[in-house]
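The values are calculated or read from the model by the stated rules, or taken from the named source; none is laboratory data. These figures come from a predicted structure and were not determined experimentally. All Cβ positions, glycine included, derive from the backbone under ideal geometry; neighbour counts span all protein chains shown. Accessible surface areas use protein heavy atoms only, side chains included; no ligands, DNA or RNA. Shrake-Rupley method; radii C 1.70, N 1.55, O 1.52, S 1.80 Å.
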Amino acid sequence: MPITAFTRDGTEYVPLFLTAIDAAKCIGCGRCYKVCGRPVMTLRGVTEDGAIVEVSEDDDDDDDDGDIVRKIMVMVDAGACVGCGACNRVCPKDCQTHAAAEA
Ligand code: SF4
Ligand code: SF4
């Protein structure tokens, strides 16, 4: 049985939780992060050799980020997602996957 939730008026619905972000398609634009009210995602850097590393949120010019060649959004706490779907609606690259969770 899928996990269900309720709206303010008591209507039951099936939340669609974020289950994956396609690192090959993500451009690290941050739109999903901005609309999410939960600590599900964070921005990371990808180095020339493909390693995923932390980036400084205060420094967008990459001066202190070594050999970071691009940035991507990653999931850090999938269990914190409430399945609102906002991140999916704003993603310009359609790189997120959402699904119901089984109880
Ligand atoms: S579905 Fe909602 S709560 Fe879950 S990651 Fe996306 S914006 Fe955040
Ligand atoms: S909105 Fe899409 S492309 Fe932009 S950072 Fe999020 S997952 Fe990546």
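Could you please let me know if Pro15 is under 13 Å from Met73 (Cα atoms) and part of a loop (DSSP other than H, G, I, E, B)?
For Pro15, the condition - under 13 Å from Met73 (Cα atoms) and part of a loop (DSSP other than H, G, I, E, B) - is not met.
In region 46-103, which strands (runs of 3 or more DSSP E) lie fully inside it and hold 3 or more residues that are at pLDDT 95 or above and not acidic (Asp, Glu)?
Once the strands (runs of 3 or more DSSP E) in region 46-103 are filtered for at least 3 residues that are at pLDDT 95 or above and not acidic (Asp, Glu), what remains is 68-75, 96-99.
Consider region 38-48. How many of its residues are more than 11 Å from the chain's Cα centre (by Cα) and open to solvent by 60 Å² or more (accessible area, probe 1.4 Å)?
Matching residues across region 38-48 total 1.
Could you give me the residue pairs with C-beta distances under 8 Å whose first residue belongs to region 76-103 and is over 14 Å from Tyr33 (Cα atoms), whose second residue is hydroxyl-bearing (Ser, Thr, Tyr) and assigned to a strand (DSSP E or B) wherever it lies, and which are 6+ apart or on separate chains?
Thr97/Thr19; His98/Thr19; Ala99/Thr19
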